[in-house]
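Chemist: Pasting in a structure now, in structure tokens, and then I'll have a few things to ask.
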Number of protein chains: 2
Amino acid sequence: MAIAHAQPGQAVNVGPLGAELPSQKTVALFKTGQLEVIRLVLPAGKSLPPHKVVGDITIHCIEGRLDVQAADGSHEIAAGQLLYLRGGAMHGVVSLEDASALVTIVLSA
Amino acid sequence: MAIAHAQPGQAVNVGPLGAELPSQKTVALFKTGQLEVIRLVLPAGKSLPPHKVVGDITIHCIEGRLDVQAADGSHEIAAGQLLYLRGGAMHGVVSLEDASALVTIVLSA
């Protein structure tokens, strides 16, 4: 990762990447013993295969559109929308258009 | 709370409130055993007095500007910026201009 993890109290820019999105990669913004926050960058048509994590997660779409595929069906989120999933829930993510999202994961479940 | 808590997988609008901000109140978007996400609405000049929570938190400024006052000093965040604080850290929040923010709190520390 080229970006150093943020420290407590440090302001981190998490706004839309815009024209820079295609050249950006997914990065972990910080990780504590309890919490990890990732900026997911997913160009149109790319996907994350189904997976799960132990703790609850939120996915906050910052730009573009994402389809979050969970056991109970498909959930589309666009820029300015957030959803959460319970820990242990299998989910995949498909990018419907160039997208970035903040993914917040509870680690201390 | 007039707004029902979101269910897993349900898209929730968390974008800027804009002209509606002055008429909106802070609401809990959802709460699980592990995680709570609140939309904080803080008109200019309003503040949250110093307090602390057990778990780690993130504060993501959606619109306006906030001054987060922690033990190590004052941290300003504007729309599109996020910071985190460790569980147990005393902090107050002052709104520098009409602001809304997503506050994510780990409950299972």
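Chemist: So if we plug the beta-carbon distance of A:Asn13 and A:Asp72 into 1/(1 + (r/R0)^6) with R0 = 25 Å, what FRET efficiency do we get, rounded to 0.05?
Modeler: Values: r = 34 Å, r/R0 = 1.35.
Once the sixth-power term is evaluated, E becomes 0.15.
Chemist: Now for a different question. Normalised radius of gyration for chain A, please: alpha carbon Rg relative to 2.2 N^0.38 Å, two decimal places. Working shown, then result.
Modeler: Details: Rg = 13.4 Å, N = 109, 2.2 N^0.38 = 13.1 Å.
For chain A, the normalised Cα radius of gyration comes out at 1.03.
Chemist: Count charges around A:Ala89 for me, please; just the other residues with Cβ under 12 Å from its Cβ, Lys/Arg as +1, Asp/Glu as -1. Kindly include the intermediate steps, with their values, before the conclusion.
Modeler: Working: positive: A:Lys52, A:Arg86; negative: A:Asp56, A:Asp72.
After counting each charged neighbour, the total is 0.
Chemist: Moving to a separate point now. So which residue, out of B:Ala71, B:Ala79, B:Ala89, gets the largest mean-square fluctuation from a GNM of chain B using Cα contacts under 10 Å as springs?
Modeler: Most flexible of the set in this elastic network: B:Ala71.
Chemist: Okay, next question. Which trypsin sites (Lys or Arg not before Pro) in the stretch A:11-46 sit in a loop by DSSP (not H, G, I, E or B) and have at most 13 other Cβ atoms within 10 Å of their own Cβ? Could you put the intermediate results ahead of the total?
Modeler: Values: sites: A:Lys25, A:Lys31, A:Arg39, A:Lys46; in loops: A:Lys25, A:Lys46.
Sites meeting the loop and neighbour criteria: A:Lys25, A:Lys46.
Chemist: Evaluate 2.2 N^0.38 Å with N set to the residue count of the protein assembly as shown, then give the Cα radius of gyration divided by it.
Modeler: Numbers: Rg = 16.3 Å, N = 218, 2.2 N^0.38 = 17.0 Å.
Here the answer is 0.96, to two decimals.
Chemist: I would also like to ask the following. I'd like the Karplus ³J(HN,Hα) series for the stretch B:21-36: coefficients 6.51, -1.76, 1.60, θ = phi - 60°, whole numbers in Hz, and an x wherever there's a Gly or Pro.
Modeler: 3, x, 9, 9, 10, 4, 9, 7, 7, 6, 8, 10, x, 9, 8, 10
Chemist: Can I ask one more? Can you pull the semi-axes for the stretch B:28-78, root of five times each eigenvalue of the Cα gyration tensor, sorted largest first, whole Å? Display every interim value, and only then the final one.
Modeler: Working: eigenvalues 81, 45, 20 Å².
Computed over the stretch B:28-78, the values are 20, 15, 10 Å.
Chemist: With point charges of +1 on the Cβ of Lys and Arg and -1 on the Cβ of Asp and Glu, referenced to the Cα centre of chain A, which listed residue (A:Val37, A:Val94, A:Leu21) lies farthest in the positive direction of the dipole?
Modeler: Highest projection toward the positive end goes to A:Val37.
Chemist: Which whole number gives the average count of other chain Cβ atoms within 10 Å of the Cβ atoms across peptide B:14-26? Mind dumping the intermediate values first?
Modeler: On the way: counts 6, 6, 1, 0, 0, 0, 0, 0, 0, 0, 0, 0, 0.
Whole-number average of other-chain Cβ neighbours for B:14-26 is 1.
Chemist: Suppose R0 equals 35 Å. What FRET efficiency, 1/(1 + (r/R0)^6) with r the Cβ-Cβ distance, do B:Val27 and A:Ser23 give to the nearest 0.05? Walk me through the intermediate numbers first.
Modeler: Details: r = 37 Å, r/R0 = 1.06.
Plugging the Cβ-Cβ distance into 1/(1 + (r/R0)^6) gives 0.40.
Chemist: Turning to a different aspect of this structure: Just list whichever of A:Lys25/B:Lys52; B:Lys25/B:Lys52; A:Lys46/B:Lys25; A:Lys31/B:Lys31; A:Lys52/B:Lys25 have alpha carbons separated by over 30 Å in the model shown.
Modeler: Values: A:Lys25/B:Lys52 34 Å; B:Lys25/B:Lys52 21 Å; A:Lys46/B:Lys25 38 Å; A:Lys31/B:Lys31 21 Å; A:Lys52/B:Lys25 34 Å.
Correct reply: A:Lys25/B:Lys52; A:Lys46/B:Lys25; A:Lys52/B:Lys25.
Chemist: Treat every Asp and Glu Cβ in chain A as -1 and every Lys and Arg Cβ as +1, leave all other atoms uncharged, and give the resulting dipole magnitude about the Cα centre to the nearest 20 debye. Working shown, then result.
Modeler: Numbers: 7 positive and 9 negative charges, 61 e Å.
Charge dipole, chain A, about its Cα centre: 300 debye, nearest 20.
Chemist: Ranked by accessible surface with a 1.4 Å probe, highest first, in what order do B:Asp98, A:Asp72, B:Asp67 come? Could the numbers behind the result be given before it?
Modeler: Numbers: B:Asp98 70, A:Asp72 110, B:Asp67 20 Å².
Putting B:Asp98, A:Asp72, B:Asp67 in descending order of accessible area: A:Asp72, B:Asp98, B:Asp67.
Chemist: Sum up the charges of everything whose Cβ sits under 12 Å from the Cβ of A:Ala71, counting Lys and Arg as +1 and Asp and Glu as -1, but leave A:Ala71 out. Intermediate results must be reported in sequence, preceding the final value.
Modeler: Numbers: positive: A:Lys52, A:Arg86; negative: A:Asp72.
For residues surrounding A:Ala71, the net value is +1.
The values are calculated or read from the model by the stated rules, or taken from the named source; none is laboratory data. Just so it is clear, the structure is predicted and the values come from calculations on it, not from any experiment. As a convention, Cβ positions derive from the backbone with ideal geometry for all residues, glycine included, and neighbour counts pool all protein chains shown. Just the protein is used for accessible areas: all its heavy atoms, side chains included, with ligands, DNA and RNA removed. Shrake-Rupley method; radii C 1.70, N 1.55, O 1.52, S 1.80 Å.
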